[in-house]
Amino acid sequence: MDIRATDTPLLEWTGDSLAIGLFEDAVELTGELATLDEKLAGSIKELIAEEEFKGKQGSSVFTRVGANSPVRKIILVGLGKPESLKLETLRRAAAAAARLAKKQKSKTLGISLAIWNNDPTETAQAIAEGVQLALYQDNRFKSEPEDKGPQVETVDLLGLGGQEAAITRANQISAGVFLARQLVAAPPNAVTPITLAETAQEIASDHGLQIEILEQEDCEKLGMGAFLGVAKASDLPPKFIHLTYKPEGTPKRKLAIIGKGLTFDSGGLNIKGAGSGIETMKIDMGGAAATLGAAKAIGQLKPDVEVHFISAATENMISGHAMRPGDILTASNGKTIEVNNTDAEGRLTLADALVFTEKLGVDAIIDLATLTGACIIALGDDIAGLFSPDDALAAQVEKAAEASGEKFWRLPMEEKYFEGLKSGIADMKNTGPRPGGSITAALFLKQFVKETPWAHLDIAGPVWTEKENGYNGSGATGFGVRTLVNWVLSDT
Ligand code: BES
Ligand code: MN
Ligand code: ZN
């Protein structure tokens, strides 16, 4: 699919579907639109009246127009109130237009929405992202594709001539989101620690990043007892993935992104029972998927920032070699952990990943993890938890998230709750009481970061969607990639 920037006037564009954005309560047609309506024998006016279209944000309607007209279908998308127009409004409007065009078997689509904040560059990027995200289709595991027939082939962004670079950026970022979606959606017999490491190798060779894969013996030498404790029962070797993007010249900042990489979480000997969602636990590498997706995007965007992408990848399985509830593990910073629940495995793998990463001497670390069911209980499926002892870094993440349209909510790191993790025999237990479970998980991770500004993102909810969410059908969302990319590209 080809997205193009063009200055072709609305009245001269010809093709299958033309999508037009209208603001709320301003659906009387004036100027160019009135002329277009005349040309189309009043069908736009009729559509607005018949469907009682009011231009509300998130609404869309469409109609077929006369067989001989230069445009076959008209799509109207609501943009809400002009004063509350956001980039996300345009991104979602473009997504709605693209999905309608696909449903109508249109091969060509023209989109004319509005310019956000007098900024055609940000506008073009957001619209192109919306189109890309919405038209994504994953047929890898179907013997026959489900969406046979005509596909959207070209999309013209009207009134945005000259914005080719913004479209290219949107395409590069979308490629990162698609990689993350593919990794999360793939079953746990297809995405394993081995294939995750291979994917990282591919990113490195495709986009010129450095790569280091630490094998089990390497991790043993570094004393990664927490990570390796989790890996013990798997028949597959653990892989500690470290990708590095280095810009030419001196980097402005050095950053690190860590993703939880459990390619399957059975719970271990505290095995997940019926009704626990064990059959969905392929998603437990959603943090690693976002990390690799961001690496793919950053490798193409080439900012002046050094970025380390890290994941301690393994499975949490059961066997005679499995770590037992009650075992004490020693992490690579020397801290001892009494494993009172083998299903709280993500934090054990992240502990050693955080210690490793801090030694790289970066300016800030963000980790992403499908860490706790408690975070889903707190914030629901659409909002990720944001935890950070560092207000400035938390503000950076919030700003990056705002621009991406991905939703985060900051939760407190209430020190007092660490009491719930106190162990009579080791330095700490890996789980505390059920209340505040996502907070104690964050406090556990904090024990493995000494002084580097650090933020933890609990993405257990938004990595996956059961219902259509505007950008893709049900399934993997690629959540996190766009916020991470914005964070790396921001000037702060
Ligand atoms: N991977 C899960 C968390 C999770 C749950 C992610 C649902 C996505 C959807 C994590 O490893 C886990 O099992 N957490 C436990 C922690 C508990 C044992 C303290 C949980 O949330 O129940
Ligand atoms: Mn678990
Ligand atoms: Zn897990």
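The figures follow:
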item: Any hit, the stretch 265-284, residues being in the same structural domain as residue 221 (by TED's automatic domain parsing), farther than 17 Å from residue 209 by Cα and in a strand (DSSP E or B); result: yes
item: Search result, residues across the stretch 292-330 that are under 30 Å from residue 205 (Cα atoms), of a type in the set (S, T, N, Q) and more than 16 Å from ligand 1 (Cβ to nearest atom); result: 300
item: Residues of the stretch 77-89 satisfying the condition of being within 25 Å of residue 14 (Cβ to Cβ) and either in contact with a Phe, Trp or Tyr (Cβ under 6 Å, 6 or more places away or on another chain) or at pLDDT below 95 (or both); result: 79
item: Scope the stretch 36-87; condition under 30 Å from residue 404 (Cβ atoms) and open to solvent by 30 Å² or more (accessible area, probe 1.4 Å); matching residues; result: 54, 56, 57, 58, 59, 60, 62, 81, 82, 83, 84, 86
item: Residues of the stretch 390-428 classified as in a helix (DSSP H, G or I) and charged (D, E, K, R), total; result: 7
item: Failed criterion for residue 427 (all others in (1) touching a Ser or Thr at 6+ places or on another chain (Cβ under 6 Å); (2) more than 16 Å from ligand 1 (Cβ to nearest atom); (3) open to solvent by less than 50 Å² (accessible area, probe 1.4 Å); (4) of a type outside the set (A, V, I, L, M) hold); result: (3)
item: Check on residue 451, outside any helix (DSSP H, G or I), among the acidic types (Asp, Glu) and under 17 Å from the mean Cα position of the chain (by Cα); result: no
item: Residue count for the stretch 261-277, restricted to those that are more than 17 Å from residue 192 (Cβ to Cβ), within 12 Å of ligand 3 (Cβ to nearest atom) and in contact with a Gly (Cβ under 9 Å, 6 or more places away or on another chain); result: 3
item: Some residue of the stretch 457-467 being open to solvent by less than 20 Å² (accessible area, probe 1.4 Å), assigned to a strand (DSSP E or B) and within 16 Å of ligand 2 (Cβ to nearest atom); result: yes
item: Test: residue in the stretch 96-110 that is hydroxyl-bearing (Ser, Thr, Tyr) and modelled with pLDDT of 95 or more; result: yes
item: So residue 350, is it within 16 Å of ligand 2 (Cβ to nearest atom), at pLDDT 95 or above and open to solvent by less than 30 Å² (accessible area, probe 1.4 Å); result: yes
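The values are calculated or read from the model by the stated rules, or taken from the named source; none is laboratory data. Everything numeric in this text was worked out from a predicted model, so none of it was measured. Here the Cβ is made from the backbone with ideal geometry for all residues, glycine too, and neighbour counts use every protein chain on show. Please note that ligands, DNA and RNA were not included when accessible areas were found on the heavy atoms of the full protein model with its side chains. Shrake-Rupley method; radii C 1.70, N 1.55, O 1.52, S 1.80 Å.
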